[in-house]
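*Asks:* One structure, as structure tokens, below. Some questions next.
The values are calculated or read from the model by the stated rules, or taken from the named source; none is laboratory data. In this text the structure is predicted, and so the values were computed from the model without any measurement. Here the Cβ positions follow ideal geometry from the backbone for every residue, glycine too, while neighbour counts run over all protein chains shown.
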Amino acid sequence: MCGISGIYNYRSHEPADEALLLRMTRVITHRGPDDEGIQLLGPCGLGSRRLSILDISGGHMPMASADKKTWITFNGEVYNFMDLRKPLEARGHDFHTHGDTEVILHDFMERGPEACRSWNGMFAAAIYDTEKNRLFVARDHFGIKPVYYYDSGQTLLFGSELKSILEDPRVSRELDHEALQAFLTLRYLPSPLTLLKNIRKLPPGHYLLADESGVHVTRYFDEVPTLDERITEAEIIDQYLDLFGKAVKRQMVADVPVGLMLSGGVDSAALAYYMARASDRKIQTFSIGFPGTGDWNELNDAGETAELIGTDHHPLLIEKDDYTEFFPKSFWYLEEPTSEPTISAYYHVCKLAAGHLKVVLMGQGADEPLAGYDRYFGERYHGLVAPFLRWTPLGKVIELLPRSEKMKMSVRSLAEKDSLERFLKIQTVFQPQWQKDLVKPGVLAPDRDIWREVRSILKPLQQRVSHLPPLSQLLYLDARTMLSDNLLLFGDKISMANSLEVRVPYLDVELIRFVESIPPHFKIRGLERKYFHRKAMSRVLPEKIINRKKRGFATPMDSWFRTELTGVVRKVLMNPDAAVADVFKQDVIKHMIDLHVSGRENFRKQIFVLLSYEFWAQRFLHGRTVSFADYK
């Protein structure tokens with residue numbers, strides 16, 4: 001697990017700037033405190049910060065081929081590297097290290113850019129061929145590891161984090177207004193967007209090639225799921241348990257101990273069970289909660305699971321002040337105004353785990369492919385519910401109900417016949433009219449389609465699977481957009497802020513191929529989400545774990561916004577010097593806060609989006625570091 005950076009003067013062929021490359025690499029020291037390396041290769045320079053997990057003594061990067069003609073800097077883990085190594089050895093390749101980086105380098109030398117199709121893992125890889133004068137950069141299938149890049153038309157800058165690129169003073173910090181509109185819609189930024197003009201994210205499952213002809217981005221993870229309509233429930237369970245066990249075992253390969261982020265739910269409990277089976281040492285587990293008995297405190301459930309499976313458990317209870325102290329600081333690491341209330345809590349549990357080890361597994365990635373969210377019911381039963389909504393006034397009645405934003409979004413979505421528009425409506429945070437009322441005149445082009453940017457990103461993905469049932473379509477999209485560029489992105493950034501590697505076995509490529517072939521009626525059965533997953537895990541886990549209520553990884557933010565934090569939220573967003581005042585109407589923001597505090601509406605998500613933008617913009621547009629304490 002590392003951080004990568006690089007410069008490539010692909011048209012001018014000027015030597016790469018060593019001082020700049022050092023700054024780009026050292027600004028992400030938190031990603032790899034164990035080792036640093038840079039390599040100047042004429043017009044190309046590669047940088048690496050290393051967190052040593054595999055082949056601790058022999059994995060220094062950037063790493064060269066035997067003839068010194070091909071070089072790699074690599075972030076992540078490719079879990080099937082031994083399977084890739086055997087045929088390479090049979091074809092005469094000699095290896096001098098024991099880790100995955102050298103295998104990836106040789107596999108690329110043998111098969112070229114398409115080799116990354118076979119890499120089962122999480123990775124950001126950059127490989128420079130000195131003979132062809134060509135740079136290859138790839139991001140893993142589901143975007144577990146991020147890659148940012150900037151193309152001036154002459155020079156390509158890239159890195160695991162956006163801040164590496166900003167080390168070049170020639171890169172402007174100009175707000176991308178069209179990306180801002182996408183953020184207001186989704187509360188995250190889908191690839192390739194960032195909020196800074198000209199800096200882009202390499203989309204999940206893509207690679208770029210840069211040479212004298214320019215920079216070209218290609219999708220390599222282009223498989224379209226085929227549903228197996230003849231498979232039986234018993235066959236699904238047998239195959240799923242086999243593949244799941246193999247995925248967990250693969251992702252426990254390390255030269256250091258591997259722990260687990262343990263919640264109170266079935267997903268992490270399943271990981272704990274299979275980890276315990278695969279290890280000859282007691283698994284260390286880590287959990288977090290807030291005071292109280294709401295959905296934000298799973299410590300009792302997690303502790304019970306740890307006791308049942310027999311782990312060495314470490315629980316942590318955090319207070320509101322712990323949460324609010326880190327929240328404004330988080331955007332230095334996030335680099336995008338990712339609006340997820342769980343980020344501060346996740347930071348503290350990562351910090352807890354990093355005090356004990358370097359690697360943990362986590363249950364992230366189970367809900368999207370397996371249909372774990374409430375909104376998936378709508379797609380599963382859309383054909384039954386939509387006519388009822390069109391024939392009755394129920395939708396209009398629901399629009400009048402107080403504090404029912406989630407229900408209103410569901411009704412608006414279900415009333416839509418077109419599947420892509422339905423997907424947009426169920427995820428939209430600021431409805432189009434709210435966006436028009438909120439954004440200042442002149443910021444966006446008049447009469448511009450609010451959803452144009454988001455639709456242009458989602459539509460090509462949706463068209464690839466338009467032949468599948470609506471639920472399968474939505475799961476496919478979510479696993480490649482919301483999961484990749486929201487949940488996995490902040491998961492990577494915040495864990496690496498603590499120099500902690502987090503692995504996600506539910507996104508094992510072989511496992512996902514099988515999961516996406518399963519018909520939707522095995523994923524939602526009646527009112528039970530993740531049906532076959534729960535059915536399968538009931539073979540190995542106690543009933544009390546299987547039947548626990550799904551809580552998610554929640555925080556008491558809604559309650560805080562209406563009580564203790566009301567005053568400071570107003571001061572942050574209504575301050576005359578607030579960054580939100582540059583693009584948003586503060587009187588509209590005030591009206592939203594008033595409606596939320598009064599209990600007439602639940603605008604928790606919208607307020608959190610605005611707070612996230614404020615603290616991000618202060619740091620990345622205005623160069624100021626602020627905290628809640630500055631407003632008290």
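*Asks:* From the list Thr566, Thr555, Thr481, which one is of a type outside the set (D, E, K, R) and without any contact (Cβ under 8 Å) to a residue 60 or more places away in the chain?
*Replies:* One residue alone meets the criteria, Thr566.
*Asks:* Something else now. For the range 583-618, which positions are under 23 Å from Leu444 (Cα atoms) and touching a Ser or Thr at 6+ places or on another chain (Cβ under 6 Å)?
*Replies:* Phe608, Val609, Ser612, listed by residue number.
*Asks:* Just checking, does the range 278-288 include any residue being in a helix (DSSP H, G or I), in contact with a Pro (Cβ under 9 Å, 6 or more places away or on another chain), in contact (Cβ under 8 Å) with a residue 40 or more places away in the chain and not aliphatic (A, V, I, L, M)? Give the steps one after another, and end with the answer.
*Replies:* At the first step, the residues of the range 278-288 found to be in a helix (DSSP H, G or I) are 278.
Then drop every residue that is not in contact with a Pro (Cβ under 9 Å, 6 or more places away or on another chain), which leaves none.
Within the range 278-288, not a single residue is in a helix (DSSP H, G or I), in contact with a Pro (Cβ under 9 Å, 6 or more places away or on another chain), in contact (Cβ under 8 Å) with a residue 40 or more places away in the chain and not aliphatic (A, V, I, L, M).
*Asks:* Further question: Evaluate the following for Glu178: is it over 18 Å from Gly491 (Cα atoms), assigned to a helix (DSSP H, G or I) and among the charged types (D, E, K, R)?
*Replies:* For Glu178, the condition - over 18 Å from Gly491 (Cα atoms), assigned to a helix (DSSP H, G or I) and among the charged types (D, E, K, R) - is met.
*Asks:* State which residue is modelled with the highest pLDDT when the search covers only the range 66-120 and only residues that are surrounded by fewer than 17 Cβ atoms within 10 Å (Cβ to Cβ) and of a type in the set (S, T, N, Q).
*Replies:* Within the range 66-120, the match that is modelled with the highest pLDDT is Ser118.
*Asks:* Against the definition (in contact (Cβ under 8 Å) with a residue 12 or more places away in the chain and part of a strand (DSSP E or B)), how does Ala247 come out, yes or no?
*Replies:* No, not satisfied.
*Asks:* If the requirement is being more than 29 Å from Glu510 (Cα to Cα), part of a helix (DSSP H, G or I) and modelled with pLDDT of 95 or more, which of these qualifies: Leu40, Leu21, Leu46?
*Replies:* Among Leu40, Leu21, Leu46, only Leu21 is more than 29 Å from Glu510 (Cα to Cα), part of a helix (DSSP H, G or I) and modelled with pLDDT of 95 or more.
*Asks:* Note down all Cβ pairs under 9 Å where the first residue falls in the range 141-152 and is modelled with pLDDT of 95 or more, the second is among the basic types (Lys, Arg) and assigned to a loop (DSSP other than H, G, I, E, B), and they're at least six residues apart or on different chains.
*Replies:* These pairs meet every condition: Ser152/Arg170.
*Asks:* Ok, one more. Is it the case that the range 433-449 has a residue that's in contact with a Ser or Thr (Cβ under 9 Å, 6 or more places away or on another chain) and under 30 Å from Ile28 (Cα atoms)?
*Replies:* Taking every residue of the range 433-449 in turn, none turns out to be in contact with a Ser or Thr (Cβ under 9 Å, 6 or more places away or on another chain) and under 30 Å from Ile28 (Cα atoms).
*Asks:* For a quick check of your reading of the model, give me the residue pairs whose first member lies in the range 587-599 and is in the same structural domain as Thr563 (by TED's automatic domain parsing), whose second is of a type in the set (Phe, Trp, Tyr) and not in a helix (DSSP H, G or I), with beta-carbon atoms closer than 8 Å and at least 6 apart or on different chains.
*Replies:* The qualifying pairs are Met592/Phe603; Ile593/Phe603; Leu595/Phe603; His596/Phe603.
*Asks:* Taking the options Leu186, Leu196, Leu209, name whichever one is surrounded by 17 or more Cβ atoms within 10 Å (Cβ to Cβ), farther than 26 Å from Gln462 by Cα and touching a residue at least 60 places away in the same chain (Cβ under 8 Å).
*Replies:* Leu196 is the lone residue from the list that is surrounded by 17 or more Cβ atoms within 10 Å (Cβ to Cβ), farther than 26 Å from Gln462 by Cα and touching a residue at least 60 places away in the same chain (Cβ under 8 Å).
*Asks:* Output the residues belonging to the range 86-102 that are over 29 Å from the mean Cα position of the chain (by Cα), charged (D, E, K, R) and in a helix (DSSP H, G or I).
*Replies:* Correct list: Lys86, Glu89.
*Asks:* Restricting to the range 303-344, what's the tally of residues that are crowded, with 20+ Cβ neighbours inside 10 Å and either part of a strand (DSSP E or B) or small (Gly, Ala, Ser) (or both)?
*Replies:* Selection size over the range 303-344: 5.
*Asks:* Considering each of Ile524, Ile494 in turn, give the residue that is under 28 Å from Lys329 (Cα atoms) and touching a residue at least 40 places away in the same chain (Cβ under 8 Å).
*Replies:* Ile494
*Asks:* Could you pull out every one of the helices (runs of 4 or more DSSP H) wholly within the range 525-624 that has 3 or more residues that are crowded, with 17+ Cβ neighbours inside 10 Å and of a type in the set (D, E, K, R)?
*Replies:* 604-620
*Asks:* Sort through Ile231, Ile144, Ile127 and tell me the only one that's surrounded by 23 or more Cβ atoms within 10 Å (Cβ to Cβ), of a type in the set (Val, Ile, Thr) and assigned to a loop (DSSP other than H, G, I, E, B).
*Replies:* Ile144
*Asks:* Would you confirm whether any residue within the range 103-119 is outside any helix (DSSP H, G or I) and over 15 Å from Tyr220 (Cβ atoms)?
*Replies:* Keep residues of the range 103-119 that are outside any helix (DSSP H, G or I), which gives 119.
Okay, now just the ones that are also over 15 Å from Tyr220 (Cβ atoms), so none.
No: zero hits.
*Asks:* Cβ-Cβ under 6 Å, sequence separation 6+ or interchain: first residue in the range 85-108 and in the same structural domain as Phe74 (by TED's automatic domain parsing), partner of a type in the set (Val, Ile, Thr) and not in a helix (DSSP H, G or I). Which pairs?
*Replies:* Here the result reads Asp100/Val78; Ile104/Val78; Leu105/Ile72; Phe108/Ile127, each pair linking the range 85-108 to a residue that is of a type in the set (Val, Ile, Thr) and not in a helix (DSSP H, G or I).
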